[in-house]
Every structure is written in structure tokens, then in C-alpha cells.
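Visitor: Before we start, here is the structure in question, set down as C-alpha cells.
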Amino acid sequence: MEKKYKERFAFAMSSFARMYGPKGISNEMTKICKDWATTNNEPPLGSLTKVDFYFRDVWNYTKTA
């Protein structure tokens, strides 16, 4: 894995860990983080709360799509 990908993956995973705890991270959340890490999408600027809600919304969207 290249460094940028690893950093983006870890960033996304940390958001889910803040919201649900490390033990609450599902395989589906991990897949979302892997997929997101390979895109050029950027989370919102501002607080970590905004970032957390962004990833929660991405997760909810994939569950309904």
C-alpha cells in the first residue's frame, strides 16, 4: 500500500473508532474506508465531529444504496 492510501484509510477508520469504538467497527465499515481511501473525495473541513458525521453519512448511504 502506498503511504497516501494508508493515511487516508487510517483517517477514515479513526472516525468510525471515535463513533463506535474499536470493537464496534464492522467489516462493512472497513470496506467503506478502503474504498474511500482510493478516491479523491475529501471530508469536510472543520471539527472532527463534522468529519465523523460525514463518514456516518457515507456508511448510511451505502447501506441504503
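The numbers here are math on the coordinates, done by the rules we state, and not lab data. Quantities reported herein were computed from a predicted structural model and do not represent experimental measurements. Glycine gets a Cβ as well: all are built from the backbone with ideal geometry, and neighbour counts include every protein chain shown.
Visitor: In the stretch 1-18, what count of residues is obtained for those that are buried (at least 16 other Cβ atoms within 10 Å of the Cβ) and touching an Asp or Glu at 6+ places or on another chain (Cβ under 9 Å)?
Guide: Result for the stretch 1-18: 2.
Visitor: When the residues of the stretch 43-65 are filtered to those that are assigned to a loop (DSSP other than H, G, I, E, B) and in contact with a helix residue (DSSP H, G or I) (Cβ under 6 Å, 6 or more places away or on another chain), which remaining residue is surrounded by the most Cβ atoms within 10 Å (Cβ to Cβ)?
Guide: 43
Visitor: Does the stretch 1-30 hold any residues that are within 9 Å of the chain's Cα centre (by Cα) and not small (Gly, Ala, Ser), and which are they?
Guide: 8, 9, 11, 13, 16, 29, 30
Visitor: Name every residue in the stretch 15-42 that is over 14 Å from residue 59 (Cβ atoms) and in a helix (DSSP H, G or I), in order of residue number.
Guide: Residues satisfying the conditions are 22, 23, 37.
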